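Structure first, then comments.
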Amino acid sequence: MSKLSTTADGLRLANPFVIASGPPGTNANVIGKALDEGWGAVVCKTVSLDASKVVNVYPRYARLRGKASREIYGWENIELISDRPFEIWIDEFKQIKDSHPEGILIASIMEEYRQDAWIEIVERCQDAGVDAFELNMSCPHGLPERKMGSAMGESPEILEEVCGWVMQTARVPVWAKMTPNVTYIEEPTRAALRAGCQGIAAINTIRSVMGVDLETLRPEPTVEGHSTPGGYSSQAIFPIALRMAMEIATVIRDEFPGRSLSGIGGIETGADAAQFILLGANTVQVCTAVMKHGYKIIRPMCEALEAFMDRHGFESIDQFQGHSLQFITGHSDLVRLQESARTVDQAKAVVQADADWDGDDFVDQSDALARG
Ligand SMILES: Cc1cc2nc3c(=O)[nH]c(=O)nc-3n(C[C@H](O)[C@H](O)[C@H](O)COP(=O)(O)O)c2cc1C
């Protein structure tokens, strides 16, 4: 058995890499492709009972590139949930489980604020054989206009109620997917865990406006001359996602031990994944990197994660999951630690107090205070 294999909420994954809900899991064909390429699990594109209400526009993506390198760092989308009929999804869930019985298939679901709708969608998906659920309480655009997605996830009371409806019905593990568009992600996390969800997935995209075209003066992505705020993903969101994963993992460690975390946001390499796991994730999810580089990135990701583990002598994911949480503390503690260690490098003329900043050496002084 590979040292990357892992178990989360009873789901046995060949490796911790999971396709996040979005275009890379949008029909049976691409889900089969992802499983064939070796992804540990796939979360399908979010499904709902009535796809006729879902109407997408074009262009629906806009990208932030490095000024010199042209590399894509940020990706905004105004894409909605799946526009494919629910009946087709049910057939495809069955097909995928027939063709890939060992593959882990997680149904991402979203419904309106009605108990009967949530119960129906859970029952029909689990009867079709899905291995787990991810509740999309977090899509930041389009759906909130129908009081769905992040409109629910931003309200801990509604989130707890809806998760409770799901937990009454679900016979397979349930992860609640969090929106980052809140001040304290610990609050909705606690609400979902109080309702009994086995795990948390985080984060969904961050509300954004990608830019304004300086010729047309229209905001982007521009649809018939107009735009609407969308969801930001890719490498640029990594540090924000990592911080939120750490906060959720701390709540799990201190208040809900045994629950799981699926970390999401800007993950492109095995090294990125290792950092999420060190700060408490059990699995990691990847969406935009697959859209940028294709399904085959699973191989270098697994190789790099395994190389990291070898370097530190870790034999399993469990051996380092959450290891670095112990090194997160408050600022006053950092001051105390530094005072007793006296580690400030005087030779580099590091700014000690705000009065030391000098207009002529400003860039060098900034540099000396930075790491990386
Ligand atoms: C084009 C696009 C469509 C997405 N659609 C969904 C969706 O249907 N349901 C969902 O829960 N998340 C959706 N997401 C969010 C991703 O699953 C993920 O949470 C987010 O993109 C951050 O991860 P990443 O940086 O690896 O892309 C979508 C993201 C993108 C870029």
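Derivation of every value follows stated rules applied to the coordinates shown; laboratory data play no part. Please read all numbers here as calculations on a predicted model, not as lab measurements. For neighbour counting, all protein chains shown are included, and Cβ atoms are generated from backbone atoms with ideal geometry for every residue, glycine included.
Of LYS45/LYS147; LYS3/LYS94; LYS53/LYS177; LYS33/LYS53, which pairs sit farther than 24 Å apart, going by alpha carbon to alpha carbon? Listed pairs above 24 Å: LYS3/LYS94; LYS33/LYS53. Maximal additional length on extending the ASP98-GLU123 stretch stands at 7.1 nm, based on 0.36 nm per residue less the C-alpha distance. Working note: Karplus 6.51/-1.76/1.60 with θ = phi - 60° gives segment 75-91 the couplings 9, 9, 10, 10, 7, 8, 6, 4, 9, 9, x, 4, 4, 5, 4, 4, 4 Hz, where Gly and Pro are set to x.
Taking every eigenvalue of the Cα gyration tensor of segment 1-91, multiplying by 5 and rooting it, what semi-axes result, largest first, whole Å?
Output for segment 1-91: semi-axes of 27, 24, 10 Å.
Loop-located trypsin sites (Lys or Arg not before Pro) in segment 101-180 (DSSP state other than H, G, I, E, B) with a sparse environment of at most 12 neighbouring Cβ atoms within 10 Å: ARG114, LYS147, ARG171. Between the exposed loop cleavage positions of the chain, defined as GluC sites (Glu not before Pro) in a non-H, G, I, E, B DSSP state with at most 13 neighbouring beta-carbon atoms within 10 angstrom, the longest gap is 103-214. A crude spin-label estimate for the pair TYR73 and GLN338, with each label 7 Å from Cα along the Cβ direction, gives 2.5 nm. Mind jotting down the distance between the C-alpha centroids of segment 70-90 and segment 158-197, whole Å? Segment 158-197 and segment 70-90 have Cα centres spaced 22 Å from each other. Remark: C-alpha extents of the chain on the principal axes read 69, 56, 40 Å, sorted largest to smallest. Loop-resident trypsin sites (Lys or Arg not before Pro) (DSSP state other than H, G, I, E or B) in segment 268-372 with no more than 13 further Cβ atoms inside 10 Å of their Cβ: ARG342, ARG371.
The phi torsions of segment 24-40, fed into the Karplus equation with coefficients 6.51, -1.76 and 1.60 and a -60° offset, translate into couplings of x, x, 9, 6, 4, 4, 6, 5, x, 4, 4, 5, 5, 6, x, 5, x Hz, rounded to whole numbers, with Gly and Pro shown as x. Of the options GLY225, PRO180, LEU214, report the single residue whose Cα projects farthest towards the positive end of the charge dipole of segment 152-245 (beta-carbon charges: Lys, Arg +1; Asp, Glu -1). Of the candidates, PRO180 comes out farthest on the positive side.
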